[in-house]
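The values are calculated or read from the model by the stated rules, or taken from the named source; none is laboratory data. Nothing here was measured: the structure is a model prediction, and the numbers come from that model. We place every Cβ from the backbone using ideal geometry, glycine too, and count neighbours over all the protein chains shown. Note: accessible area is taken over every heavy atom of the protein model, side chains too, but ligands, DNA and RNA are not part of it. Shrake-Rupley method; radii C 1.70, N 1.55, O 1.52, S 1.80 Å.
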Amino acid sequence: MRIAVLGAGSLGSLFAGLLAQHPDVKLLVHGKGDHGAMMVANGLEIQGEANMVISPDQAMFTLDEVGLPASLFGTMDVIVLTGKANSTDQLARIAHDLLHPQGVAVSLSNGLGHAEICASILGPHRVFTGTTTYAAWRPSPGVVHYAGRGNVVLGHLQGGPMLNQAQPFLDMLNSVGIESNWTENGPASVWMKVLLNIAINPIAALSGVENGSLLSPALFSAALETMLEGARIARQERVELPDDLELEQRLQHVLEATARNQCSMLQDIRAGRVTEIGYLNHAVVERGERVGLPAPMNHMLCAMIEALTPQANQH
Ligand code: KPL
C-alpha cells in the first residue's frame, strides 16, 4: 500500500513512524521547516510510548520548501493530511497531484470543514472524514514524543466512499497498533472531536498545563461547560451526539489518556505559531450565531487566545 503523510508535524510523524514498521507499506512523509529538513537529512526518531528510528531508506522524506518529484504523481493509494488546520487547502492540492485515481484521502486535522475542503479539491468520492485523539509533541526537530494512545475514526462523508473502501487502510492502521474504527456518520464524529478540542485546547493553553491538569474540579468544570455549549449548537444543527453525561465521560477519558501531553494549542503558543482557535472555538461561535445560540465561554476563550497570539486572527 502506497501511503503519503502530508503535513507531517508531531502527529503525522508519529503515524508515519508506526506505519513505516509494516513491510507492505511504501511511505512518503512530507514535512516542512526544521522538522521536515531534519527528517530528510537523518530520518525520524520516535520516543515515549514506543521507541523507534525510521531511516531515510525506510521511507521517502520530502520537504515542502523543495517540492515533490513528478514521478510520484498519481501513485498514492492513501493520503493522510495531518498538517495544521490552516494548511488543508494547500495540502489537498498536493494530494490532488499525488493521489491515484482510485486512491482515497483523509484529513486528521483539528476543526470543522477539512473533509469538505478535501472533497471540493479531490472529489467527494475519494474523501473520508477523519479524527484522532492520539497525542504527540516534538522535543526537537526530527524527534517526536509519543505521549498518549488514542484512536482514529474514519467516517463516511455524503457522496464519499463506503466502509469497504476504507477497510484495507483501517486494517493497516490497526495492524501497526493505531487503534482505528469506522463510523457511518462522519460529520458527527468530526463534531465530537471538535467538542473535545474546544474544551481542552484553549484552557490548557491559557493555563500552561498538561492535559491531565484539566481533571482538577475547577478546570474540568470550565472545560465541560465549554464543551456543552458547543454540543447545544451542534444539536441545533441536527448533528447526532451522545447525551451530556456521555460527553462528560468522553472528556474525562481523553484527559486521562493524554494526561502527560501538552495539547497542540499550548505547543503552538510556546513555538510562536498560529493557533487553531479559528477552526475550533471561533468556528463554534460562528455556527452558534447562525442558529441563534450564544456561546459565551467559547467567545471568551477566543478573545483570550487571540489577545495572547494576535496572529491567530489570521484564519
Ligand atoms: O487533539 C488534541 C490536541 O492536542 O490537539 C488532544 C486529543 C486534545 C490531545 O492533546
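Looking at this structure, is Ala223 open to solvent by less than 60 Å² (accessible area, probe 1.4 Å) and in a helix (DSSP H, G or I)? In short, yes. Just so you know, in region 42-69 the residues that are touching a residue at least 60 places away in the same chain (Cβ under 8 Å) and of a type outside the set (D, E, K, R) include one that is farthest from Ala136 (Cα to Cα), and it is Asn42. Taking the numbered list (1) in a helix (DSSP H, G or I); (2) within 16 Å of the ligand (Cβ to nearest atom); (3) at pLDDT 95 or above in turn, Val209 passes all entries but (1).
For region 264-302, a residue qualifies if it is under 22 Å from Glu116 (Cβ atoms) and touching a Leu at 6+ places or on another chain (Cβ under 7 Å), and the qualifying residues are Tyr279, Asn281, Ala283.
It is to be established whether one or more residues within region 207-223 are in contact with a strand residue (DSSP E or B) (Cβ under 8 Å, 6 or more places away or on another chain) and not small (Gly, Ala, Ser). For region 207-223, residues in contact with a strand residue (DSSP E or B) (Cβ under 8 Å, 6 or more places away or on another chain) and not small (Gly, Ala, Ser): present.
Close contacts from region 168-185, counting a first residue that is under 13 Å from Val106 (Cβ atoms) and a second that is of a type in the set (S, T, N, Q), with Cβ to Cβ under 6 Å and a gap of 6+ residues or different chains, come to Leu170/Ser180; Leu173/Ser180; Ser180/Asn174; Thr183/Ser189. Pairs linking a residue in region 187-204 that is more than 19 Å from Phe220 (Cβ to Cβ) to a residue that is in a helix (DSSP H, G or I), with Cβ atoms under 7 Å and 6 or more positions apart or on different chains, are Val190/Ala115; Trp191/Ala234.
If you go through region 112-147 and keep only what is within 16 Å of the ligand (Cβ to nearest atom) and more than 14 Å from the chain's Cα centre (by Cα), you end up with Arg138, Pro139, Val144, His145, Tyr146, Ala147. Within region 66-121, restricting attention to residues that are over 28 Å from Asn197 (Cβ atoms) and part of a helix (DSSP H, G or I), which residue is least open to solvent (accessible area, probe 1.4 Å)? It comes out as Leu72.
Pairing each residue of region 126-153 that is closer than 23 Å to Phe61 by Cα and in a loop (DSSP other than H, G, I, E, B) with any residue that is open to solvent by 10 Å² or more (accessible area, probe 1.4 Å) and within 10 Å of the ligand (Cβ to nearest atom), provided the two are 6+ apart or on different chains, yields C-beta distances under 6 Å for Tyr134/Gly150.
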